Amino acid sequence: MREHVMKILIVGDGNVGKSSFVDRYVLGQFSGRYKMTMGVDFSLKILHWSEREKVRLQLWDIAGQERFVSMTRIYYRGAVGCVMIFDLSDSRSFLNCRLWKQDLDLKSVLPNGQPLPCILLANKSDLSARVVATDTIEEFSKANGFIAWMETSVKKNTNIEEAMRRLVQEILSLQFCLDPDLSDPTDLLKPQSESGQTPGHCC
Ligand SMILES: Nc1nc2c(ncn2[C@@H]2O[C@H](COP(=O)(O)OP(=O)(O)OP(=O)(O)O)[C@@H](O)[C@H]2O)c(=O)[nH]1
Ligand SMILES: [Mg+2]
């Protein structure tokens, strides 16, 4: 059995549903309450990817307000993927994704120097009060280098598993690209100075 370890960041403005997303994905629960995250929360999820592969996901749920604090560099270190969430009923949370993405690309890269694969989630699709148009999201997602975007509803459990599978799939393909012989995937979690700048072998 091969085991991959992946540190994944969950970012986006406050109140968009990041902690709810993690609770839904890891615990299968949705409380409906809002308890503002302070700093960062950690969760672990074991994903049985295939008969021969297991993925140990370390989810770093970063408080929305942390964009205004210069701590994110420390949180981002060693991450190999990112889930960026906004609220479909809150245009500001969508506009701020540009800033979140800039911050992410500035402060974290894969060991081969490529940007972190990041999936964009348009959450709260169950609400009727949508203010962000599909075309706008599509355009934004392409222009800003997201691997994909999806509408989700943490409340209704729509596209949660699917989004994570899409991201993990992308990371796995990149890991292969980084080093097909990588025997210890946790190398990717070490600071770059320790793991070295592994040259890309493909893509
Ligand atoms: N209707 C609806 N409400 C949601 C959904 N996801 C989350 N919420 C609600 O949105 C509010 C904020 O959710 P949180 O998960 O705490 O938000 P957060 O992004 O972690 O916020 P910070 O910790 O401040 O960064 C809560 O009241 C959730 O119940 C959803 O898909 N639909
Ligand atoms: Mg939170």
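No value in this document is a laboratory result; all are computed from the given coordinates. The structure displayed is predicted, hence computed values, not measured ones. Virtual Cβ from ideal backbone geometry, glycine too; neighbours counted across all protein chains shown.
Per-residue 3J(HN,Hα) values for region 114-131, derived from phi via the Karplus relation 6.51 cos²θ - 1.76 cosθ + 1.60 with θ = phi - 60°, read 6, x, 5, x, 9, 9, 9, 10, 8, 8, 6, 5, 6, 7, 7, 7, 7, 10 Hz in sequence order (x marks Gly and Pro).
Charge dipole (Cα centre; +1 on Lys/Arg Cβ, -1 on Asp/Glu Cβ; no other charges) of the chain amounts to roughly 480 debye.
Computed from the C-beta positions of Ala143 and Asn15 and an R0 of 30 Å, the FRET efficiency is 0.75 to the nearest 0.05. With a simple spin-label model that places each label point 7 Å from the Cα along the Cα-to-Cβ direction, the separation between Ser128 and Lys107 comes to 3.9 nm.
Taking only complete DSSP H runs, can you tell me which helices of the chain stretch 24 Å or more along their own long axis by Cα positions and average at least 1.6 on the Kyte-Doolittle scale? Write down the numbers at each step before the final one.
Values: long enough: 91-107 (25 Å, -0.75); 160-178 (27 Å, 0.53).
Sorted by number, there is nothing, because no helix extends far enough and scores high enough.
Each other residue within a Cβ distance under 15 Å of Ile46 adds +1 if Lys or Arg and -1 if Asp or Glu, for a net charge of +3. Think of it as helices only: each DSSP H run of n ≥ 4 in the chain is worth -39500 (n - 2.57), and spread over all residues that comes to -8500 deg cm²/dmol at 222 nm. DSSP assigns beta bridges within the chain; of those with both partners inside it, close to 30 percent run antiparallel. Net length available on complete extension from Val69 to Met1 is 20.4 nm, with 0.36 nm assigned per residue and the Cα-Cα distance removed. What shape does region 2-159 have by the C-alpha gyration tensor, where a ≥ b ≥ c are the square roots of the eigenvalues, rounded means a/c under 1.5, and otherwise prolate means a/b greater than b/c and oblate the rest? In terms of gyration-tensor shape, rounded. Placing a label point 7 Å from the Cα of His48 along the Cα-to-Cβ direction, the residues of region 152-167 whose backbone N falls under 18 Å of that point are 161-162, 165. Other residues within the sphere of radius under 11 Å centred on the Cβ of Glu161, judged by their own Cβ, net out at +3 (K and R +1, D and E -1).
Shown here for region 1-95: GluC sites (Glu not before Pro) in loop regions (DSSP other than H, G, I, E, B) with at most 13 other Cβ atoms within 10 Å, namely Glu51.
From Cα pairs below 8 angstrom and at least 6 apart in sequence, can you work out the relative contact order of the chain, rounded to a whole percent? Write out the running numbers ahead of the final one.
Numbers: 380 pairs, mean separation 47.3, N = 203.
Answer for the chain is 23 percent.
Within a Cβ distance under 9 Å of Gly81, other residues only, what is the Lys/Arg minus Asp/Glu net charge?
Working: positive: Lys7; negative: Glu170.
Summing Lys and Arg as +1 and Asp and Glu as -1 gives 0.
For the peptides 125-131, 73-79, the ranking by mean Cβ contacts within 10 Å, running from highest to lowest, is 73-79, 125-131.
Cα gyration tensor of region 23-115, axes a ≥ b ≥ c as square roots of the eigenvalues: rounded (a/c below 1.5), prolate (a/b > b/c) or oblate? Provide the component values of the computation, followed by the final result.
On the way: a/c = 1.78, a/b = 1.12, b/c = 1.58.
In terms of gyration-tensor shape, oblate.
In this structure, the residue pairs whose Cα-Cα separation is over 20 Å, taken from Lys54/Lys107; Lys7/Lys101; Lys124/Lys156, are Lys54/Lys107. Taking amide hydrogens as placed 1.01 Å from N in the peptide plane, the amide H of Ser125 sits under 5 Å from those of Thr152, Ser153, Val154, each at least 5 positions away in sequence or on another chain.
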